[in-house]
Amino acid sequence: MKNKSGYIYLIVLIIPVSLIIISNLFTEVRTPYYLLGNYDPSYVYLLNSLNIAQFTSPGYIEHPGTPLHVIGAVVMKIYFTFAGKSGDLVTDVFERPETYLRAINFTMILLNAFALFMLGIVTYKLYQSIPMAVFLQLTPVYSIVIFQRLSTVTAENLLIFLIIIFIIISLKFINENTLSQKIIFAYTAGFAIITGAGIATKIIFFPFLIIPLLLLKKISNKVLYIIFTFISFIFFVLPAISYYKFFTRWIKSLFIHDKMYGKGDRSVIDWTYFTANVKSIFINEKYFAIVYLIIIAGLVGLFIYSKKNRVNGTNIFEKIKPEIKLLTGIFLLITVQIIIVAKHYAIHYMLPAFMLLVLAIFLVIIITNKLFPEKFKIIKLNTLFIILTMSVIIIKIPNMMYMYSGLKIERTESIKVTEFINDKYPDKPVISGMYIWNKEAALNFAMPWTGYQSGKYKKTIDGLRPNHLFYDNENEKIYCASDTSKNFIKEVFSKNNRLILVSNKYTPVEKIMKEIKEVYNYGNSEYINVYKNGEGAEIYEIKLKE
């Protein structure tokens, strides 16, 4: 019996270990995180974790993101204790931000791998089927959108972990033979803790409220679940509780405006924009569309079949009622997610829904098997899950290879920009714009979201590379991280007859030259293009002339 258990453990370890290896390979080609705009929001989370590591409030609470901030802070403290190279944590993080980001990301990868392993073990114990267990472990692989987030330091990476735990709790709940009040209370608390943590990580998690509300029978348990979820949410956002007024204004702004980030008209929904986004969701994610249609077809078929059996006076649905409730909850959750994302479209906002697709397929098969047992002998059921598992792997491997090769090319081209400046112009003042590929630009990007530590951090940035200037695309002006006065910039210009501009489509050289000529009175200044890579980055040498 022990040998069999060891064999099972080895089987369900395959996908978690593969996840660790492949995720780290993708992290290699996505890093440094300051490349290709990957610093949004990774560097924001880095500096807010640094805030909490110093026992100060995070300044970034839009997601709200506090659980990830806390995890990042713990990782920072541990890493600095054993491998710090500077005298204090702040200096060490600013000098080696990529090292700390990699440590946080690796921690998240391990957490997700552990959750997948537990999902495999729990599924096997519930259904006594290795193919079923392995199939459910494909949860984070089914959509490439999910897999992309595994190599980042983002809220979605933590949501992956929380959703896998949520799936485990849901599967255990629907397979309970006897539900005493004590057991129901434990499940209610478990659902509430995960839901509260999920909403505190990113507000798009809130549709998960639907599933426990469907699964729990009594009104009293549903009310208790809502109360516990609220308490859980408050607990997980405690580090940022001082910003609660800003957070409520932010949520209100998202709701009443019809565009991303609380922008656009105060019309709640722009129907033209909304319908176009719904189409994009289904067109861009064809496998999601297929599963969503399967869920709808399955629920409609169950409804029709139940009507027929009601007429015949039979009641065969009692034994599959928990599975039907869970599948219905998934359908409602995905539908709500589509509505939310279509209002403020970005495909990674669909990650919570994508994470439930494998479970939905699993439930459709389980329900069908219980309804028509004579058509599904256990060997046939296992064979079906083996075929499905192999099909998903065969389809996804080419997608992953294509994404990997693309990221590798982009990384190579991006690194050339930094290397060119360091080799040719190590001492010259550099102007970096939005989504420019260097450490200082990434750290500076995160400054508006660092709260009370902003002033301290800005001075630290200036110490990394003296005379590093930045360009504010929104306000169209050149500025220094810690000194926004024009006098400082004038002093930099007066001491140097040449500047280096790192430009792209977000930072056109013409706008910067206009400011240099008109605002700083270098009317005869000239510029030449000295480098251009394959990803749209350009380096200009600007000769200052009055």
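Since every read-out is calculated from the coordinates, none of them should be taken as a lab result. This one's a predicted model, so the numbers in the text were calculated from it and none came from an experiment. Counting neighbours? That spans all protein chains shown, and the Cβs are built from the backbone with ideal geometry, glycine included.
By the count of neighbouring beta-carbon atoms within 10 Å, fewest first, Ser23, Ser391 end up ordered Ser391, Ser23. The alpha-carbon of Lys279 sits under 15 angstrom from the alpha-carbons of these aspartates and glutamates, leaving out residues fewer than 8 places away in its chain: Asp270.
Across the chain, C-alpha contacts under 8 Å between residues 6 or more apart give a mean separation that, scaled by the residue count, equals a relative contact order of 17 percent.
Here's the picture: a label point sits 7 Å out from the Cα of Leu110 along the beta-carbon direction, and within the range 22-64 nothing has its amide nitrogen under 11 Å of it. The Cα atoms of the range 2-406 cover 75, 56, 46 Å along the three principal axes, with the biggest extent listed first.
Cut-off under 24 Å on the C-alpha distance; same-chain residues fewer than 8 positions from Lys182 excluded. Which lysines are left, in chain and number order? Within the straight-line limit of under 24 Å, Lys182 reaches these lysines: Lys125, Lys172, Lys217, Lys218, Lys222, Lys319, Lys321, Lys325. Our estimate of slack between Ser253 and Ser18, defined as 0.36 nm per intervening residue step minus the Cα-Cα distance, is 80.4 nm. Each of Tyr7, Tyr527, Ile395 was scored by the projection of its Cα onto the charge dipole of the chain, and the greatest displacement toward the positive side belongs to Tyr7; charges sit on the C-beta of Lys, Arg, Asp and Glu.
The label point for Thr275 and the one for Lys456, both projected 7 Å from the Cα toward the Cβ, are 5.3 nm apart. Each of Thr389, Thr272 was scored by other Cβ atoms within 10 Å of its Cβ. Listed from fewest to most, they are Thr272, Thr389.
Straight-line reach from Lys408: taking Cα to Cα under 14 Å and skipping same-chain neighbours fewer than 8 places apart, the aspartates and glutamates in range are Glu28, Glu535.
Working note: Debye formula, equal point scatterers on the alpha-carbon atoms of the range 425-543, no solvent; log10 I(q)/I(0) at q = 0.11, 0.21 Å⁻¹ is -0.33, -1.28.
Using the count of nearby Cβ atoms within 10 Å as a rough guide to exposure, how do Ile234, Ile431, Ile22, Ile219 rank from fewest to most?
Ile219, Ile234, Ile22, Ile431
Segment Ile241..Ile78, full-extension length gain: 56.2 nm, with 0.36 nm per residue of separation and the alpha-carbon distance subtracted.
Simple spin-label estimate for Glu476 and Lys182 gives 7.1 nm between the two label positions (7 Å along the Cα-to-Cβ direction from each Cα).
For the range 40-123, what is the per residue volume of the convex hull drawn over the alpha-carbon atoms, in cubic angstrom?
Numbers: hull volume 9.0 nm³, N = 84.
Enclosed volume per residue, from the Cα hull, is 108 Å³.
Sorted largest first, the principal axis extents computed over the alpha-carbon atoms of the range 113-188 equal 42, 28, 17 Å.
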